[in-house]
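Only one structure is covered here, and it is reproduced in the block below.
Where a number appears in this text, it was derived from the coordinates with a stated rule and is not lab data. Given the structure is predicted, the values throughout are model-derived calculations rather than measurements. Here the Cβ positions follow ideal geometry from the backbone for every residue, glycine too, while neighbour counts run over all protein chains shown.
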Amino acid sequence: MENILEIVNLNKSYNGIPALSNINLSVKAGEIHGIVGANGSGKTTLMNILFGNPIIHETGGYQGQIFFKGNRVNFKNCAEAIRQGIGMVHQEFALIPDMTVGENIKLGRENTHSLTDRLFGRKYSFIDWKQDYENAWQTLKRLGISVAVGIKIMDLSVNIRQFIEIAREIDRSDLKLLILDEPTAVLNKNDGLKLIEILKDMSNSEIGIIFISHRLEEVQYVCDKVSVLRDGKLVSQYAKGNIYVNDLAQDMIGHTINKAAAEKREIKNKPLITFKDFSVEMPGEEVKNLNLSVYKGEILGLTSLSGHGKLALGYGMMDMYPVDGEVYYENKKIVKMNARTNIIKGMYVLPDDRQGLGILADQSLESNIVFTGNQIKNMFIRNSAFNFLGFIDHHKTNLHVYKMMLDLDIKCTSIKQKVKELSGGNQQKVCIARALTVDPKLLFVAEPTRGIDISAKEKILNMLIEINRTRNTTIIIASSELDELKRVCDRIAVMVEGKIFKILSPDSPDVDFGLVLSGEEEVDCEKL
Ligand SMILES: Nc1ncnc2c1ncn2[C@@H]1O[C@H](COP(=O)(O)OP(=O)(O)OP(=O)(O)O)[C@@H](O)[C@H]1O
């Protein structure tokens, strides 16, 4: 097989700080090439260069050579890269929320009516929506996804949106190189496996695939070759048969990792929050008549297959979608869900869509971390006779932000750096730091380790255990990462079709979780 892509001596810096140093690698047609590295190691920068993302040229371009299909290229924008046959599925969604599934999949490649083609030319012709929707439906069928092509993207959950993004790229007939930046991060294990099988099928054709993932087991399973980046340098490469998770982890981080685990304990059945017949109308992820008590001081895991409601509970608590039913918090009924008043009462929800809901991209890391603490609790306002003027206590702010930076291993040039300049994983950590800053009584955190490298993952899990043990913070972790939930939770509630189906002990065998997740009744689980 010939090289479809060749990268020679590639260097890129932002404001004089190297993000990539002397990278040499190639991808063959039909190959799945994994790229792994810790948060901030340069993976997205490399992909942005290959895909002609304008941010690269706006920040001074790059040095080195890139050959695509044998020709030297230097894409100045994504349209050039797309025209040459490169497709990209981003870490952040690049779908248009207000457009339908079918419109998004066919965007820029619409079918047109032959009659109006002849009359007005293709450019001014009428779009053949029926054909577009039929094509889109066929592509989704190839992915094994059943979603109506006429539904708007904004009404879909993030995991389904991920498949739509992939469908949009797969729908192209001219695709030669497909770049996937953490395509499985928003998917649960089953959906992740489904996607990986699709990738395997695709790589049997003439398409080269670059696969970026923090899930090293997937990389080991699916990749023909893996390149490991550390601090912008290519530190090792492995070929199929010699790809092992431990080697990858060691090369990425430079040291071994201790897995977080909480000791098991008895929790008193004193509810902090109780949901009674609670429903959240979030399309594709509905909660329906859920009954659940979360006990004071516990860490409760909430898991389900995608689309069964685990993520929607948090959105309901934030009043992002219509809710119904009753909620009691500290023995008082909550008359109306409202994000601000809930924070004042001590509840904090960190949703899974952190890019969309959590980040103030143009603000500094410092402002982001203390934002909610200041807005709601005046936490970093100088304590003086003039505190109504809202003067920031910079000393207190700095101490806190530096502590968060160290605790969560946030990679940045300074606490004044704009959050949009941080890598995706480091942006996630900033959102987590903001939630921890508020010091809530009840923390609902959805997918806390999504998009985060293996070393930082353990730090975040350890931190959740620590705040639970030292501050008695009650925590609900909604996650598809069963292994992590089993390590840190006191109980794990499994949702099926929007309801709590069973609550299992974290020590229950995986096979029991498998049965319960798929809605099987036979498990002899503990009634906790
Ligand atoms: N627009 C930008 N301006 C300044 N620095 C940037 C910019 N984009 C990225 N960087 C820096 O370049 C380095 C590499 O970032 P990059 O996003 O490529 O990492 P990554 O490996 O994709 O991380 P992650 O796993 O978190 O997505 C980081 O230190 C980041 O802060």
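Approximating the spin labels as points 7 Å out from Cα along Cα→Cβ, the GLU197-to-ASP362 distance works out to 4.6 nm.
With 30 Å as the limit, the listed pairs LYS377/LYS418; LYS225/LYS457; LYS69/LYS130; LYS176/LYS233 have LYS69/LYS130 beyond it between alpha carbons.
If you bin all the Cα-Cα distances of region 398-522 at 10 Å, starting from zero, the percentages per bin are 11, 39, 30, 15, 5, 0. Once C-alpha pairs closer than 8 Å and six or more residues apart are averaged by separation and normalised to the residue number of region 271-518, the relative contact order reads 28 percent. Helix 189-203 and the longest principal axis of the Cα set of the chain meet at an angle near 10°. Each DSSP beta bridge with both residues in region 271-518 is either parallel or antiparallel, and the antiparallel ones are about 55%. Name the residues of region 474-502 whose amide N is less than 14 Å from a point 7 angstrom out from the Cα of LYS264 along the C-beta direction? Only 486-492 fall inside the zone, counting backbone N under 14 Å. Sorting SER306, SER505 from the fewest to the most surrounding beta carbons within 10 angstrom yields SER505, SER306. Averaging 1/r across all pairs of distinct Cα atoms in region 282-391 and inverting the result yields a Kirkwood radius of 16.3 Å. Computed 3J(HN,Hα) for region 53-60, one whole-Hz value per residue from the Karplus formula 6.51 cos²θ - 1.76 cosθ + 1.60 where θ = phi - 60°, is 4, x, 4, 5, 6, 5, 10, x, glycine and proline marked x. Distance between Cα centroids, region 59-78 to region 204-239: provide it in whole Å. What the calculation gives is 21 Å, centre to centre. Listed by Cβ neighbour count within 10 Å, with the fewest neighbours leading, GLU134, GLU447 appear as GLU134, GLU447. Extension gain for LEU406-ASN291 works out to 37.5 nm (0.36 nm per residue, less the C-alpha to C-alpha distance). Note on TYR328 and ASP510: the model spin-label points, each 7 Å out from Cα along the C-beta direction, lie 3.9 nm apart. Extension gain for the segment ASP483 to PHE67, taken as residue separation times 0.36 nm less the Cα-Cα distance, is 145.6 nm to one decimal. Shown is the FRET efficiency for ASN9 and GLN375, computed with R0 = 45 Å from the Cβ-Cβ distance and rounded to the nearest 0.05: 0.40. Take GLN84, project a point 7 Å from its Cα along the Cβ direction, then tell me which residues of region 1-34 have their backbone nitrogen under 13 Å from it. Correct set: 4-8. With neighbours defined as other Cβ atoms within 10 Å of a residue's Cβ, the residues GLU285, GLU197 order from fewest to most as GLU197, GLU285.
Per the Cα gyration tensor, the chain maps to an equivalent ellipsoid with semi-axes of 38, 29, 24 Å, ordered largest to smallest.
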